[in-house]
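Right, one structure below, let's go through it.
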Number of protein chains: 2
Amino acid sequence: MKSSARTPAATAPEASVDLGAAPGCSAAAAPAAAPGRVPKPRADAVRNRERILAAAREMLVETGAEAPLDEIARRAGVGNATLYRHFPDRSALVHHVVLYVMDRVTAQAEDSLAEEVDAFAALCRFTHAAADERIGALCPMLAAGFDREHPELLAARDALETAVETLVATGQRDGLLRTDIGVGDLMVALSQLSRPLPGTDCGGADRFVHRHLQLFLDGLRAPARSQLPGAAATLQDLRRKTM
Amino acid sequence: MKSSARTPAATAPEASVDLGAAPGCSAAAAPAAAPGRVPKPRADAVRNRERILAAAREMLVETGAEAPLDEIARRAGVGNATLYRHFPDRSALVHHVVLYVMDRVTAQAEDSLAEEVDAFAALCRFTHAAADERIGALCPMLAAGFDREHPELLAARDALETAVETLVATGQRDGLLRTDIGVGDLMVALSQLSRPLPGTDCGGADRFVHRHLQLFLDGLRAPARSQLPGAAATLQDLRRKTM
DNA sequence: CGCTAAGCGGGGACCGGCTCCCCGTTTGGT
DNA sequence: ACCAAACGGGGAGCCGGTCCCCGCTTAGCG
């Protein structure tokens, strides 16, 4: 691993999008140390928050971006009010889930390159790992409007992009990866192949995902077996449509 | 090409699901011949029916299985009442769209095998053609419950399956296609890769679909470049989850 | 050229599901 | 043991989709 803050977003309570550090009054009571820091998070509150986040990730992945919030709450084992207390609205929830997953995927990209024997092996490991993180299920949410311009999101995206870019470039430099493909090709195909097919509770399809990714990766190997139509998909191409 | 009624379903008005092919008698008068035969379809009625079907195919492909029917009507340039007059409910409409597309894809499979130089070339042609027919957009609808057991649908599915099965088997027999994959692998990956990514009006993504399919096909070529996890996906595997 | 009814179009009522709030109750923290 | 932060369930409000009703258009035919 090398850069990009990892662990924080994953588990830490971390102030919600909205609550800024506004309250100017501060010097007062015991719990609040810094100027206007929220007094304290209660133990079960943070636990519930994480349960909700986990359930939301599952539901969003299975059911899609328009999964009923009440159902997410039910699955998390909390009342719906609790969910709305932690995340003011749907987009806030999606926002945090997306950040969480992107962060983990970026970490996978960095770890893969650092730890695998060659760049192609790293690419394979990254690809399969990203699929396990259900990265494919996220694209619909990213595409579905919402927070396109949010700085946190942009930062996460950039981190992911550079990590994968490095992975691809290294593979091509070492002659292991065909040179007529771009980062965009990898990311789009990865998203598509790992997308859960609706209707199934991602129960059986999963068995196949890794097979198909492996087949795709075989097609990516260095001696190109065919000439591809169109031009390599760059990051700009993605940006214009996916984000 | 070899079997399976083709052209009829494509353009002909073709009796709706409900009205059976009862006409045993024929000799009688001009409009109403047999007991309760519909007198006649009016010219603009059949034209509207086709406009609706075409618009529905577009919308279902772009927006997904839950596209608003009123919007389909609007795009077809007819009133919503007209749509409901032709297709009593959503599932009837979807039913016809699915049949139409499956029929065309089956035809592509048969033609490809008959006309291409070798089985792998046939497989490539079929795959790209099926993507152009937006077969990927259909799976969600098939999965979304509805008419799983309808005989017309089962027949269409069987026809498609045998056609593709032949394609794959021939390729494997001739040593052009790796033998550790099954029809299911091809169909699922094809569906996934050709699925429109939501949010985009399938405008830009299309450019990439064929690139990625080609990459996947390269991975399918005969000297297998890796060992695949899991077992080849058979038709039974698909049946249990996709239909 | 005019008749007849099949077909058309738009507006609106019904309905189901999702969002979000309110208030009595529980529970963690000191 | 106290207090307030947090919880949970129930329900009002709302939005969007489905489907029907009625006056108008127009194809088909003598």
Inset, instruction - Answer yes or no as to whether A:His96 is within 16 Å of DNA strand D (Cβ to nearest atom), open to solvent by less than 50 Å² (accessible area, probe 1.4 Å) and out of contact with any Cys (no Cβ under 9 Å at 6 or more places or on another chain). - result: yes
Legend entry - B:Thr179 being modelled with pLDDT of 85 or more and outside any helix (DSSP H, G or I): yes
Legend entry - Residue list for region B:51-68, restricted to those being away from every other protein chain (no Cβ under 14 Å) and either open to solvent by 80 Å² or more (accessible area, probe 1.4 Å) or near DNA strand C (Cβ under 7 Å from one of its atoms) (or both): B:Arg51, B:Glu58
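Among the residues of region A:150-161, is there at least one that is surrounded by fewer than 20 Cβ atoms within 10 Å (Cβ to Cβ), in a loop (DSSP other than H, G, I, E, B) and within 16 Å of the chain's Cα centre (by Cα)?
First, pick out the residues of region A:150-161 that are surrounded by fewer than 20 Cβ atoms within 10 Å (Cβ to Cβ): A:150-155, A:158, A:161.
Still in the list and also in a loop (DSSP other than H, G, I, E, B): A:150.
Keeping just the survivors that are within 16 Å of the chain's Cα centre (by Cα) gives A:150.
Checked against the condition, which is being surrounded by fewer than 20 Cβ atoms within 10 Å (Cβ to Cβ), in a loop (DSSP other than H, G, I, E, B) and within 16 Å of the chain's Cα centre (by Cα), region A:150-161 yields at least one hit.
Check A:Glu71, A:Glu133 and return the single one that is touching a Lys or Arg at 6+ places or on another chain (Cβ under 6 Å) and either surrounded by 18 or more Cβ atoms within 10 Å (Cβ to Cβ) or modelled with pLDDT of 90 or more (or both). Can you show your working first?
Values: A:Glu71 fails: touching a Lys or Arg at 6+ places or on another chain (Cβ under 6 Å).
Of the residues listed, the single one that is touching a Lys or Arg at 6+ places or on another chain (Cβ under 6 Å) and either surrounded by 18 or more Cβ atoms within 10 Å (Cβ to Cβ) or modelled with pLDDT of 90 or more (or both) is A:Glu133.
Residue by residue through region A:126-156, note down the ones that are within 23 Å of A:Asp174 (Cβ to Cβ) and within 13 Å of chain B (Cβ to nearest Cβ). I'd like the intermediate steps shown before the answer.
Let us first name the residues in region A:126-156 that are within 23 Å of A:Asp174 (Cβ to Cβ), namely A:126-130.
Those that are within 23 Å of A:Asp174 (Cβ to Cβ) and within 13 Å of chain B (Cβ to nearest Cβ): A:Thr127, A:His128.
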Legend entry - Number of the exception - A:Ala114 against (1) within 16 Å of DNA strand C (Cβ to nearest atom); (2) assigned by TED's automatic domain parsing to the domain that holds A:Asp206: (1)
Inset, instruction - Tell me which of these B:Leu83 doesn't satisfy, since it passes every other one: (1) open to solvent by 80 Å² or more (accessible area, probe 1.4 Å); (2) in a helix (DSSP H, G or I); (3) of a type outside the set (Val, Ile, Thr). - result: (1)
Inset, instruction - Go through region B:105-126 residue by residue and tally those that are within 28 Å of B:Ile52 (Cα to Cα) and surrounded by fewer than 18 Cβ atoms within 10 Å (Cβ to Cβ). - result: 0
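Is it the case that A:Val168 is in contact (Cβ under 8 Å) with a residue 24 or more places away in the chain, assigned to a helix (DSSP H, G or I) and open to solvent by less than 10 Å² (accessible area, probe 1.4 Å)? Before you say what the answer is, go through the steps one by one.
Numbers: in contact (Cβ under 8 Å) with a residue 24 or more places away in the chain: yes; assigned to a helix (DSSP H, G or I): yes; open to solvent by less than 10 Å² (accessible area, probe 1.4 Å): yes.
It is true that A:Val168 is in contact (Cβ under 8 Å) with a residue 24 or more places away in the chain, assigned to a helix (DSSP H, G or I) and open to solvent by less than 10 Å² (accessible area, probe 1.4 Å).
The values are calculated or read from the model by the stated rules, or taken from the named source; none is laboratory data. All of these numbers come straight from a predicted model, not from anything done at the bench. So basically every Cβ, Gly included, is an ideal-geometry build from the backbone, and we count neighbours across all protein chains shown. For accessibility, only protein heavy atoms count, side chains too; no ligands or nucleic acids. Shrake-Rupley method; radii C 1.70, N 1.55, O 1.52, S 1.80 Å.
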